[in-house]
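A.B. asks: I'd like to ask some things about the structure below.
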């Protein structure tokens, strides 16, 4: 922190002579700020501003001081005042610098960079600014300007290796690989013979980095590759990363088509680490035998003799042998010794085989293990018995034979009830059967065996959340959190960025919201009883349900909003590394981070939260649209509603009290104003909110090939951008084929909007229609306003109608094209038949 | 030091769940929570001395032992002996020397505390246990106690067994 704030005073004092009194006072104030005497600095600034209320530098510095004393809103207003007084960026270099520092602290990196740049442009001689500027440009991925500032800084301070390394990286980020190599080589020349032991590691990293750059620059050019190889040989004695060195060597040989030499290197790598399966695969390729099972078999038999304790040579043959008898033999040799040793993870080892060729592999494994099972005596070899049951249960679970999976899990549990793994397994089986609460109870029993086992604690929490038992989940998770200032661990989990918990909780809250909403609707549809007592009871129930429905909805969205905050933090956390990695000399790791940083918003958990948020925001949008349609909202004049004033007041007070209690229990942050997410769900601009908080970040990071086009379609359709929806649909069809069920469903959704009766702009409609005609000529577009045309019939005969997701999309969309929802429902039920009970339950409960 | 297949370890507050699980599964008698918690109850003023161990077969917890020092009836300083409250081993893991090792631990503790008597109650119909203890030098002392066990699925009657050394 102190480093970041540094630099201002040094340059200011150097030019102190010949300034006005205000400026001299400002420099005093700056010194006080530097020494973290914010209060004194503010006092001094106030005396300046009293005389001269438009002294820009003082206003800016006051803002900065206020920021550090925690008055962030006042800070902003002073900074804005300062900026208002500046024409473009023509202020004093000190003022610009102060504004830059403020902007960086509030994480407005782009503005910060602008002000730092302005400070230099306006004549600041403080060269340290270049380094700060480079950091900011790195964070903003503005590589061109990054290079300029790195270069300027390097020219000033050539005596530090970090500056050479960072200049080289900046060149590479701009695609100037040769320049990068030149810079690195030049430094090597200068430093030759002057490096001590302390710098040896940094030197090794930089040497390897230079080789990386050369290798990337060489592409497939043989002559260049030769020189990369030469360089590699030359640096060998200084390189610590022997794996990286060998891998590079082999890769060059492969590119030069010197496969025999490559194979030797791969053998050397295997010798160093016989458990890395990737080396074996690469060896196959270098020996040119990856298509020949016979030769491969011979190779692995040999390797197995060399490395009898390594897993890959024994396992890899199982992936390519197709002859049943032979595979049985090999499989037996692989599995049985493990079971004899009682290895718990035996099943996990063979699990990948089920994925590629279940029809062949599953019966073989089943035969081997059941045979072994019947040969084991539960008393003579108790551990073998238990782990074999464990294996078989997992095997049957994977094959969805739930009764057998239960049978073996129970056998194992009865045999050894003190083994945590067995409870986890039993719970998993129960989960797949759809018995979520039972699953949670089972795993909780396992948790009680050993309270300090954090793994099962976490698992238990997850199972409770899946079963919508949120309170229990919080109770259990709070055992491992810091709960000093709050009633439970939720605040701490937000602080610790425990996104797994928060997403699960959001989803649980959303399910609870749906459940309460259903109950509410059912109750509202019931006939109103005549008895006054019962009427009162009913009104009370309705009120309660309304409160719960809203609360859970708000909480779900509230939790989802926590996720983008974490990811923004991950992105921000890179800031320090733009200079740290240079100083420590770890350019390779740094580049890895840069590439990771460009993709944070496409990481699976973020996408999951994104989709959940889309579901919620879209439904808010759809409801807003609906209620706008129904001008006359249903009258809320319940006969019982007219109560005496006093009673009503009492009820309101009770409700408020309850809300306060809920808030205490459910808060996620200290000093949060919207604990229950009420403001979030009350939005009138759901699509804009969704884009701002969730979607834009995803769009900026995601590649075209991996984008979720169904989501994009839904978003654009609701925005009324028919052409963009069509674009998303066409892209989806390109990837998944035109007969994919989703293509059909989305086409109908789009067509529904293009209908003459749809209120959208006619020009947009006709454009979309033209596009549909071009992309999907097989769709009878002219029938769109024909009320008698059977679109379901069209859907089933042209698309894959067993696609559950597609059917659900159609069902949720409430199209005017498809008035017969019962038919659709039936189709969904049919498609559900192939799903496991867990999924069936979810859909029956929350969708239909 | 190489570890054998069977090992003893302390009972901790955190794995008390495992400890009670073994006892629940093996013995027909129901023990209240207090029975387990008293091992760690700092507020307990009675100053009882407990001996407890869990036995592991490989990595799996399979045996549990809880015993205590019997104070003398007259309130004197010298204790009466050591009383085994529970000694249980999961059924599939018996005949592997686990129970003997637990018993050995108790006998070692006896020597450490200068005790010469070990007592244990065994349900009257539990012939395997009776034989097991008798084989290890225990003898039935006194008459059968009618209705000794209150909450049990097995026999309510019990014998007192004693080993003197």
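A.B. asks: Could I have the simple spin-label model distance between residue A:724 and residue A:375, label points 7 Å from Cα toward Cβ, reported in nm to one decimal?
C.D. replies: 6.5
A.B. asks: Take residue A:243, project a point 7 Å from its Cα along the Cβ direction, then tell me which residues of the stretch A:261-304 have their backbone nitrogen under 18 Å from it.
C.D. replies: A:265-283
A.B. asks: If one computes the Cα centroid of the stretch A:218-268 and of the stretch A:71-148, what distance in Å separates the two points?
C.D. replies: What the calculation gives is 45 Å, centre to centre.
A.B. asks: Round to a whole angstrom and tell me the spacing of the C-alpha centers of the stretch A:671-704 and the stretch A:288-364.
C.D. replies: The stretch A:671-704 and the stretch A:288-364 have Cα centres spaced 49 Å from each other.
A.B. asks: Report the gain in length on full extension from residue A:826 to residue A:484: 0.36 nm times residue separation, minus Cα-Cα distance, nm rounded to one decimal.
C.D. replies: 117.8 nm
A.B. asks: Report Rg (one decimal) and Dmax (nearest whole number) for the stretch A:209-329, counting Cα atoms only, units Å.
C.D. replies: 16.4, 52
A.B. asks: Within the stretch B:82-114, name every residue whose backbone N is under 15 Å away from a label modeled 7 Å from Cα of residue B:131 along the Cβ vector.
C.D. replies: Of the residues in the stretch B:82-114, B:94-96 have backbone N under 15 Å from the label point off residue B:131.
A.B. asks: Dividing the alpha-carbon radius of gyration of the stretch A:738-784 by 2.2 N^0.38 Å (N being the number of residues), what value is obtained?
C.D. replies: Relative to the 2.2 N^0.38 Å estimate, the stretch A:738-784 comes out at 1.09.
A.B. asks: Taking each pair of distinct Cα atoms in chain A once, what is the resulting Kirkwood hydrodynamic radius in Å?
C.D. replies: Over chain A, the inverse of the mean reciprocal pair distance is 33.2 Å.
A.B. asks: OK, next. Quick one: what does P(r) look like for the stretch A:411-456 with 10 Å bins over all Cα pairs, in whole %?
C.D. replies: Binned Cα distances yield the sequence 32, 54, 14.
A.B. asks: Now a separate question. Would you mind getting the Kirkwood hydrodynamic radius of the stretch A:342-469 from its Cα pairs, rounded to one decimal in Å?
C.D. replies: 15.1
A.B. asks: If you don't mind, another one. Can you compute the FRET efficiency between residue A:323 and residue B:50 using 1/(1 + (r/R0)^6), with r the Cβ-Cβ distance and R0 = 45 Å? Round to the nearest 0.05.
C.D. replies: With R0 = 45 Å, the Cβ-Cβ based efficiency is 0.10.
A.B. asks: How large is the helix-only mean residue ellipticity at 222 nm for the protein assembly as shown, computed as the sum of -39500 (n - 2.57) over DSSP H runs with n ≥ 4, divided by its residue count, in deg cm²/dmol to the nearest 500?
C.D. replies: -21000 deg cm²/dmol
A.B. asks: Rounded to whole Å and sorted largest first, what semi-axes of the equivalent ellipsoid does the C-alpha gyration tensor of the stretch A:439-545 yield via the square root of 5 times each eigenvalue?
C.D. replies: Calculated on Cα positions only, the semi-axes equal 36, 15, 13 Å.
A.B. asks: Dividing the Cα convex hull volume of the stretch A:151-271 by residue count, how many Å³ per residue is that?
C.D. replies: Looking at the stretch A:151-271, the number lands at 100 Å³ per residue.
A.B. asks: Oh, and also: Note down the nm distance, to one decimal, between modelled labels 7 Å out along Cα→Cβ at residue B:31 and at residue A:399.
C.D. replies: Modelled inter-label distance: 4.2 nm.
A.B. asks: Can you give the FRET efficiency to the nearest 0.05 for residue A:108 and residue A:627, using r as the Cβ-Cβ distance and R₀ = 45 Å?
C.D. replies: Using R0 = 45 Å, I get an efficiency of 0.75.
A.B. asks: If you don't mind, there's one more thing I want to ask. Rounded to the nearest 0.05, what FRET efficiency do residue B:38 and residue A:657 give with R0 = 45 Å and r taken as the Cβ-Cβ distance? Could you check?
C.D. replies: Efficiency, rounded to the nearest 0.05: 0.60.
A.B. asks: Moving on to the next point. Need one value for B:58-64: mean number of C-beta atoms belonging to other chains within 10 Å of its residues' C-beta atoms.
C.D. replies: 4
A.B. asks: Okay, next question. Compute the separation of the alpha-carbon centres of the stretch A:462-499 and the stretch A:759-803 and state it in Å as a whole number.
C.D. replies: Value for the Cα centre distance between the two parts: 48 Å.
A.B. asks: Across 5 Å bins from the origin, how do the percents of Cα pairs in the stretch B:6-164 run, short distances first?
C.D. replies: In whole percents, the pair-distance histogram is 2, 8, 17, 21, 23, 18, 8, 2, 0.
A.B. asks: Taking Cα atoms of the stretch A:162-211, Rg/Rh with Kirkwood Rh, to two decimals?
C.D. replies: 0.98
A.B. asks: Could you list log10 I(q)/I(0) for the stretch A:703-847 at q = 0.14, 0.19 Å⁻¹, which the Debye formula gives when each Cα is one point scatterer?
C.D. replies: Taking Cα atoms of the stretch A:703-847 as identical point scatterers yields -0.65, -1.18.
A.B. asks: Listing A:58, A:579, A:263 from the residue with the fewest other Cβ atoms within 10 Å to the one with the most, what is the order?
C.D. replies: The fewest-first ordering by Cβ neighbours comes to A:579, A:263, A:58.
A.B. asks: While we're here: How much of the DSSP bridge set in the protein assembly as shown is antiparallel, in percent, rounded to the nearest 5?
C.D. replies: Restricted to the protein assembly as shown, the bridges split so that about 90 percent are antiparallel.
A.B. asks: Under a crude label model (7 Å from the Cα following the beta-carbon direction), how far is residue A:669 from residue A:219 in nanometres?
C.D. replies: That separation, rounded to one decimal, is 4.8 nm.
A.B. asks: On full extension of the chain, what length is gained from residue A:757 through residue A:834, given 0.36 nm per residue of separation minus the C-alpha to C-alpha distance?
C.D. replies: Length gained between residue A:757 and residue A:834: 23.9 nm.
A.B. asks: Enter the mean projected area of the convex hull around the alpha-carbon atoms of the stretch A:20-125, in nm², rounded to one decimal.
C.D. replies: 6.1
A.B. asks: Suppose the chain between residue A:535 and residue A:475 were pulled fully straight at 0.36 nm per residue; how much longer would it get relative to their current alpha carbon spacing?
C.D. replies: 17.9 nm
Values in this text are rule-based calculations from the coordinates and carry no lab data. Because the structure is a prediction, the values reported are computed rather than measured. Counting neighbours? That spans all protein chains shown, and the Cβs are built from the backbone with ideal geometry, glycine included.
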